[in-house]
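Notes to accompany the following structure.
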Amino acid sequence: MLTLAKNALTIELDKAATFHYVWLRDNCPCAKCVHPDTKERILVTHTIADDIAPESAELRDNELLVNWNQAQHQSRYSIDWLAAHNYSDHAFESDSAIGSSVLWGKELQDHIPTFSYQDLRNDDLVLLEWCEALRDYGLSIIRGAPLEEGEIERFAEHVAVVRETIYDRLHNVRATPGEYNAYNVASTTLELKPHTDMPNYNNPPGVQMFHFLVNESEGGHSTAVDGFNVAKQLLEQDPDAYRVLSQTPVHFKMFSARGDIESRNPLLTLDTDQRLKVFRYSNQLAQPANLSIDDMEAFYSAYRKLGRLVEAPENMVEFRLNTGDMMATNNLRVMHGRKAFDPSTGDRHLQLSYMDMDDVLSRIRMIRKAL
Ligand SMILES: [Fe+2]
């Protein structure tokens, strides 16, 4: 059944579905409105008349046919397509890469999603599982990678594309005394507190990955903390502190021989539905706070509360990565760190590379499409 009103029509699908005329006209699928090959919109939305409406409309053979009152344009919509895009009582979801975050703390320690390097290289179904684990947990370990320089970069290219930053495209972290890269605390033997990499970018790299070419020194266990989990705890314990950290820009800066990047963004970036979208945290890259007299103490109070949750043992996993192991994190959510180590007990050399989460989600869609 089809009912026409002033601005919208209603069709009885499994239940009543209302579609605005401007929405229908904007989404006409004909070859004049959508390019048949690229699937991009050709119709220029702002040229749709303000009083757009059907001159006539009917349901026929599982299609909705509309003759518009502008330019004698005709549109045909399949009922299946309308049902899949029914926005009447909920937002429709048409993205095959959408997952759901599983928040975690210390209990994940013995259950961190772990994969074999060979399986990931040889079987796209396993690669799909890895991409989905990275999407949903934001943390994964890969065992048994070849002990060859550049392997992490080749792995990134196998998944998607490398995200370049002001670090070298393939970044070395070595602990052989005398070979330190002076611009980064990672290249010392000190403990590295859990942090996200490069919050100094307006768009930080979405995936940080590293590969141990050698890890023979004592100590240096890896740590990881789910930023979304600690943010949720902060929201429950102190909603004002959560609000402060979602509204206060924090200045981060990082430089290398190739560049000098700084930006100001809240530690908790929320999306339009007020859900946490990007978690930024790096004690070592934060610059002196530059806030009003009224705001400074509230910021520091909230910031320290968050920091204490980040370091709480119940929120942290700690594990040993060995020669040939790789680790990947969703760097927009999960912090990584390491304990101090003793370089006199053996070599430690890892290589880093980055990707963007968009590219991981892209790979999920591509593999699903191919299946
Ligand atoms: Fe890092």
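The values are calculated or read from the model by the stated rules, or taken from the named source; none is laboratory data. None of the values given here were measured: they were computed from a predicted structure. Using ideal geometry, Cβ is built from the backbone for each residue, glycine included, and neighbour counts are taken over all protein chains shown.
Applying a threshold of 9 Å to beta carbon distances and a minimum spacing of six or more residues, or different chains, the list of pairs starting in region 192-213 at a residue that is more than 11 Å from Phe279 (Cα to Cα) and within 8 Å of the ligand (Cβ to nearest atom) and ending at one that is part of a loop (DSSP other than H, G, I, E, B) and not charged (D, E, K, R) reads Leu192/Ala340; Gln208/Thr196; Gln208/Met198; Gln208/Asn331. Could you give me the residue pairs with C-beta distances under 7 Å whose first residue belongs to region 1-17 and is among the charged types (D, E, K, R), whose second residue is not in a strand (DSSP E or B) wherever it lies, and which are 6+ apart or on separate chains? Correct list of pairs: Glu12/Met1. Output yes when any residue across region 162-178 is in the same structural domain as Leu321 (by TED's automatic domain parsing), surrounded by 17 or more Cβ atoms within 10 Å (Cβ to Cβ), at pLDDT 95 or above and more than 16 Å from the ligand (Cβ to nearest atom), and no when none is. Yes, because at least one residue in region 162-178 is in the same structural domain as Leu321 (by TED's automatic domain parsing), surrounded by 17 or more Cβ atoms within 10 Å (Cβ to Cβ), at pLDDT 95 or above and more than 16 Å from the ligand (Cβ to nearest atom).
Of the residues Ser263, Ser246, the single one that is of a type in the set (Gly, Ala, Ser), surrounded by 14 or more Cβ atoms within 10 Å (Cβ to Cβ), more than 19 Å from Ala312 (Cα to Cα) and touching a His at 6+ places or on another chain (Cβ under 9 Å) is Ser263. Of the strands (runs of 3 or more DSSP E) contained entirely in region 273-371, those carrying at least 1 residues that are more than 30 Å from Leu147 (Cβ to Cβ) and at pLDDT 95 or above fall at 276-279. Could you tell me whether any residue of region 29-42 is at positive phi and either in contact with a Leu (Cβ under 8 Å, 6 or more places away or on another chain) or assigned to a loop (DSSP other than H, G, I, E, B) (or both)? Looking for residues that are at positive phi and either in contact with a Leu (Cβ under 8 Å, 6 or more places away or on another chain) or assigned to a loop (DSSP other than H, G, I, E, B) (or both), one finds at least one in region 29-42, hence yes.
Of the residues Glu216, Glu236, which single one is more than 22 Å from Asp358 (Cα to Cα) and at pLDDT 95 or above? Glu236 is the lone residue from the list that is more than 22 Å from Asp358 (Cα to Cα) and at pLDDT 95 or above.
Here Val162 clears all of (1) more than 16 Å from the chain's Cα centre (by Cα); (2) part of a loop (DSSP other than H, G, I, E, B); (3) within 26 Å of Pro194 (Cα to Cα) except the condition numbered (1). Is it the case that region 288-296 has a residue that's in the same structural domain as Pro313 (by TED's automatic domain parsing) and buried (at least 20 other Cβ atoms within 10 Å of the Cβ)? No, because not a single residue in region 288-296 is in the same structural domain as Pro313 (by TED's automatic domain parsing) and buried (at least 20 other Cβ atoms within 10 Å of the Cβ).
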